[in-house]
Amino acid sequence: MTSFLTLRLHGTIPAAAGRELQTALRQAQKAGTDHRLSQKQFFARFDAVLDRAPIGPSYFENEKMAEVLAGEIMMLEETGFTIHGFAILPNHAHVVLHLHESSHLSFAKALDLLHLRTGTACRRLVRPKLPPEAEFWQVGWFEYEVKDEAELTRVLAYVRGNARQAGLSARFQEWPYVNE
């Protein structure tokens, strides 16, 4: 199974915007909108909020923190995943990965470990700005299952171009934390 995942830092979507996003998703589902289409529509609005970065931390502007996350993403390959690509933006990351049947980890377990390991390492880098009890990652993640090769190609193009589309500086468009 191949999935497109988005992980975000804690506090990066205003509560009101989060409620609006969830309400719109529920309404689309109640209206009988195709599940995949409603997921795509939800993601487009969700990612637009993250790209505008209206509130919250932007820890991954710090290259040391981005390196920690990139390294941990790449480590997933040692646990039975294939990393098709990823992009690290100031307040979130997109990861496209494939879980092989031989893997001993599920997506959920792998991402929980990714959250734990990167949160712990990055927390050390931001001390004393972030108290030990403060959340680093937002609990959970957005997940979209990639159906076929054509869709994988489109998703990877989105991941590669997200920094440019978000209007981020050339630094983010050219930096090494966009991998394909």
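A few comments on the model shown:
- Residue count, the stretch 48-69 (criterion: in contact with a helix residue (DSSP H, G or I) (Cβ under 8 Å, 6 or more places away or on another chain) and not in a helix (DSSP H, G or I)): 2
- The test for being at pLDDT 85 or above and among the aromatic types (F, W, Y) holds for F81.
- Only one of the numbered conditions (1) touching a residue at least 60 places away in the same chain (Cβ under 8 Å); (2) assigned to a helix (DSSP H, G or I) is not met by H98, and that is (2).
- T6 assigned to a strand (DSSP E or B), open to solvent by less than 30 Å² (accessible area, probe 1.4 Å) and either touching a residue at least 40 places away in the same chain (Cβ under 8 Å) or basic (K, R) (or both): yes
- Tabulated pairs, the stretch 40-58, first more than 16 Å from Y158 (Cα to Cα), second loosely packed, with under 14 Cβ neighbours inside 10 Å, C-beta under 7 angstrom, 6+ apart or interchain: P54/P14; I55/P14
- For the stretch 144-167, the candidate set comprises residues that are of a type in the set (D, E, K, R) and open to solvent by 80 Å² or more (accessible area, probe 1.4 Å); within that set, the residue that is modelled with the lowest pLDDT is R164.
Each row is one residue, and each column tells you yes or no for (1) open to solvent by 30 Å² or more (accessible area, probe 1.4 Å); (2) touching a residue at least 24 places away in the same chain (Cβ under 8 Å).
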site	(1), (2)
H84	yes, yes
H94	no, yes
K109	yes, no
T118	no, yes
A121	no, yes
V126	no, yes
K129	yes, no
F142	no, yes
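The values are calculated or read from the model by the stated rules, or taken from the named source; none is laboratory data. Note that the structure is a prediction, hence the values are computed from the model and not measured. Heads up, the Cβs are rebuilt from the backbone with ideal geometry, glycines too, and the neighbour counts pull from every protein chain shown. All accessible areas refer to the heavy atoms of the entire protein, side chains included, with ligands and DNA or RNA removed. Shrake-Rupley method; radii C 1.70, N 1.55, O 1.52, S 1.80 Å.
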